[in-house]
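See below for the structure under consideration.
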Amino acid sequence: PTDLVFVVDSSRSVRPVEFEKVKVFLSQVIESLDVGPNATRVGLVNYASSVKQEFPLRAHSSKAELLQAVRRIQPLSTGTMTGLAIHFAITKALSDAEGGRPRSPDISKVVIVVTDGRPQDSVRDVSARARASGIELFAIGVGRVDKATLRQIASEPQDEHVDYVESYRVIEKLSKKFQEAFCLVSDLCATGDHDCEQVCISSPGSYTCACREGFTLNSDGKTCNVCNGG
């Protein structure tokens, strides 16, 4: 399961028609997710010189609700306070009060930042704190974005967490990458994020354990014992 927060720049440099392209990109990624209270929860933070939480993680439990909420978002205009927006995402948007789940090896915490400008504040320290706390950060830059800023935001390896497109007209081409990325995240057996001693059986956003022939599953649902001979 994943707690996913989008952090979207809607400063003056992002024209209304371009912001609509961002919304298409967000919708395409959401379409590919296994959305639900026990699977992927999605929140969205909109920012310019100020930060606005469009919807928290706890707000929508279905794709249809999320897609409708994305369609309603409007750009904010002036300023580019990217550091402030990331700080809001990690301290507020991912918090328990907003629908974030307690930290555990089973829950992925992911923030995707989309920006086209040079921030008016620092992103380095707040991004480092986020990464140190186990939050995975993706940085998507568009057009005249400051590429050094993207590198300061993103998790390692950077070639998997930093993306650049020359204009909002082609941002949709990144949809496939994130669709594939979140399909992998939801396969906990494939990523090794499970406690099964012998066999892991994957299901969307979850898993169950099993044992090889000649073994039985213990009451903990994870470990195996040799069958007693009859």
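Here is a yes/no grid of residues against (1) among the polar types (S, T, N, Q); (2) in the same structural domain as residue 135 (by TED's automatic domain parsing); (3) surrounded by fewer than 21 Cβ atoms within 10 Å (Cβ to Cβ):
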site	(1), (2), (3)
48	no, yes, no
59	no, yes, yes
66	no, yes, no
76	no, yes, yes
80	yes, yes, no
85	no, yes, no
90	no, yes, no
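Looking at 154, 97, can you tell me which residue is in contact with a Phe, Trp or Tyr (Cβ under 8 Å, 6 or more places away or on another chain), free of Cβ contacts under 8 Å to residues at least 60 places away in the same chain and not basic (Lys, Arg)? Walk me through it before giving the result.
Values: 97 fails: in contact with a Phe, Trp or Tyr (Cβ under 8 Å, 6 or more places away or on another chain).
Answer to the check: 154.
Which one of these is in the same structural domain as residue 23 (by TED's automatic domain parsing) and farther than 23 Å from residue 30 by Cβ: 116, 146, 195? Lay out the reasoning, then the answer.
On the way: 116 fails: farther than 23 Å from residue 30 by Cβ; 195 fails: in the same structural domain as residue 23 (by TED's automatic domain parsing).
From the options 116, 146, 195, the qualifying one is 146.
Does residue 103 meet the test of being of a type in the set (Lys, Arg) and in contact with a strand residue (DSSP E or B) (Cβ under 9 Å, 6 or more places away or on another chain)?
On the way: of a type in the set (Lys, Arg): yes; in contact with a strand residue (DSSP E or B) (Cβ under 9 Å, 6 or more places away or on another chain): yes.
Here the answer is yes, as residue 103 does meet what is asked.
Within the stretch 57-72, can one find any residue that is closer than 20 Å to residue 141 by Cβ and either under 16 Å from the mean Cα position of the chain (by Cα) or not polar (S, T, N, Q) (or both)? Steps first, please.
Going through the stretch 57-72, the residues closer than 20 Å to residue 141 by Cβ turn out to be none.
No; the residues of the stretch 57-72 include none that is closer than 20 Å to residue 141 by Cβ and either under 16 Å from the mean Cα position of the chain (by Cα) or not polar (S, T, N, Q) (or both).
Check 90, 86, 135, 107 and return the single one that is under 14 Å from the mean Cα position of the chain (by Cα), of a type in the set (Val, Ile, Thr) and farther than 28 Å from residue 147 by Cβ.
Numbers: 90 fails: farther than 28 Å from residue 147 by Cβ; 86 fails: farther than 28 Å from residue 147 by Cβ; 135 fails: farther than 28 Å from residue 147 by Cβ.
Just a single option satisfies the conditions, and that option is 107.
For the stretch 40-57, which positions are within 14 Å of residue 115 (Cβ to Cβ), of a type outside the set (S, T, N, Q) and not in a strand (DSSP E or B)? Talk me through it step by step, then tell me what you get.
Of the stretch 40-57, the ones within 14 Å of residue 115 (Cβ to Cβ) are 45-49, 51.
Narrowing further to those that are of a type outside the set (S, T, N, Q): 45, 47-48, 51.
Scanning the stretch 40-57 gives a single hit, 48.
Name the residue, out of 14, 45, that is under 25 Å from residue 97 (Cα atoms) and of a type in the set (Val, Ile, Thr). Walk me through how you get there before you give the answer.
Details: 14 fails: under 25 Å from residue 97 (Cα atoms).
Of 14, 45, the one residue that is under 25 Å from residue 97 (Cα atoms) and of a type in the set (Val, Ile, Thr) is 45.
Could you list all residues from the stretch 99-120 that are small (Gly, Ala, Ser) and under 13 Å from residue 135 (Cα atoms)? Outline the logic, then answer.
Here is the first cut: in the stretch 99-120, the residues small (Gly, Ala, Ser) are 99-100, 104, 108, 117.
Correct list: 100, 104, 108.
Would you be able to tell me the number of residues in the stretch 71-108 that are within 18 Å of residue 46 (Cα to Cα) and among the charged types (D, E, K, R)?
4
Please identify the pairs in which a residue from the stretch 210-223 that is in the same structural domain as residue 194 (by TED's automatic domain parsing) has its Cβ atom under 6 Å from the Cβ atom of a residue that is at pLDDT below 90, counting only partners at least 6 apart or on another chain.
210/201; 214/227; 216/227; 222/195
Any chance the stretch 116-139 includes a residue that's among the small types (Gly, Ala, Ser), crowded, with 16+ Cβ neighbours inside 10 Å and modelled with pLDDT under 95?
Taking the stretch 116-139 as the starting set, the residues that turn out to be among the small types (Gly, Ala, Ser) are 117, 122, 127-128, 130, 132-134, 139.
Those left that are additionally crowded, with 16+ Cβ neighbours inside 10 Å: 117, 127, 130, 139.
If we keep only those that are modelled with pLDDT under 95 as well, we get 117.
For the stretch 116-139, residues among the small types (Gly, Ala, Ser), crowded, with 16+ Cβ neighbours inside 10 Å and modelled with pLDDT under 95: present.
The values are calculated or read from the model by the stated rules, or taken from the named source; none is laboratory data. This one's a predicted model, so the numbers in the text were calculated from it and none came from an experiment. Positions of Cβ are generated from backbone atoms using ideal geometry, with glycine treated the same way; all protein chains shown enter the neighbour counts.
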